[in-house]
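Take a look at the structure set out below.
The values are calculated or read from the model by the stated rules, or taken from the named source; none is laboratory data. Only a predicted model underlies this, so the values are computations on that prediction, with no experimental measurement involved. Note: ideal-geometry Cβ built from the backbone for every residue, glycine included; neighbour counts use all protein chains shown. These area figures cover heavy atoms from the full protein model, side chains too; ligands, DNA and RNA do not enter into them. Shrake-Rupley method; radii C 1.70, N 1.55, O 1.52, S 1.80 Å.
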Amino acid sequence: MLILAKIIELLKALGDKRRLEIIELLLQKRFCVRALAKRLDISESAVSQQLKILRETGLVLGEKKGYFVHYTVQKERLKEAAQYLYELSQKNSR
């Protein structure tokens, strides 16, 4: 189980609308910055800024393919955050 500081970091990263939209797209398939920018109708630099935060929290991983970096969601990190929230919801549950 992750320590509380890491859980807070994950939840903050997921708490942003754009970052959550990126996660939702990346759960469908791998995308590069350009493809994400087109689908979200925002600039490539805006996508890059959001991906930086997601990478720092370990939620996404980039893999270089030719000139582009394709991103994927690290589902284990999502599961850890979900597990924490589930366990929290079960405390003193009656």
Task: Unmet requirement for A82, which otherwise passes all of (1) among the aliphatic types (A, V, I, L, M); (2) assigned to a helix (DSSP H, G or I); (3) free of Cβ contacts under 8 Å to residues at least 24 places away in the same chain; (4) surrounded by 14 or more Cβ atoms within 10 Å (Cβ to Cβ) - done: (4)
TODO: Quick one: K38 ticks every box in (1) in a helix (DSSP H, G or I); (2) under 29 Å from A5 (Cβ atoms) except a single one, so which number is it?
DONE: (2)
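Determine whether A46 is surrounded by 11 or more Cβ atoms within 10 Å (Cβ to Cβ), at pLDDT below 90 and among the aliphatic types (A, V, I, L, M).
Values: surrounded by 11 or more Cβ atoms within 10 Å (Cβ to Cβ): yes; at pLDDT below 90: no; among the aliphatic types (A, V, I, L, M): yes.
Considered against the rule, which asks whether it is surrounded by 11 or more Cβ atoms within 10 Å (Cβ to Cβ), at pLDDT below 90 and among the aliphatic types (A, V, I, L, M), A46 comes out as no.
Any residue at all in region 20-27 that is touching a residue at least 24 places away in the same chain (Cβ under 8 Å) and surrounded by fewer than 17 Cβ atoms within 10 Å (Cβ to Cβ)?
As a first pass, look at region 20-27 and keep what is touching a residue at least 24 places away in the same chain (Cβ under 8 Å): 22-23, 26-27.
Keeping just the survivors that are surrounded by fewer than 17 Cβ atoms within 10 Å (Cβ to Cβ) gives 27.
Yes, that holds for at least one residue.
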Open item on the list: Just the residues that are surrounded by fewer than 18 Cβ atoms within 10 Å (Cβ to Cβ) and touching a helix residue (DSSP H, G or I) at 6+ places or on another chain (Cβ under 7 Å), please, taken from region 5-15.
Closed with: I7, L11, L14
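I need a count of the residues in region 49-68 that are in a strand (DSSP E or B), open to solvent by less than 50 Å² (accessible area, probe 1.4 Å) and farther than 14 Å from E24 by Cβ. First the steps, then the outcome.
First, the residues of region 49-68 that are in a strand (DSSP E or B): 60-65, 68.
Narrowing the set further to residues that are open to solvent by less than 50 Å² (accessible area, probe 1.4 Å) leaves 60, 62.
Among the residues that remain, those that are also farther than 14 Å from E24 by Cβ are: 62.
Going through region 49-68 one residue at a time, the tally reaches 1.
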- [ ] Would you mind telling me which numbered condition in (1) open to solvent by less than 60 Å² (accessible area, probe 1.4 Å); (2) farther than 26 Å from K6 by Cβ; (3) assigned to a helix (DSSP H, G or I) R77 fails?
- [x] (2)
TODO: Give the residue that is farthest from the chain's Cα centre (by Cα), with candidates limited to residues of region 28-37 that are within 16 Å of V69 (Cβ to Cβ) and either open to solvent by 40 Å² or more (accessible area, probe 1.4 Å) or modelled with pLDDT under 95 (or both).
DONE: R34
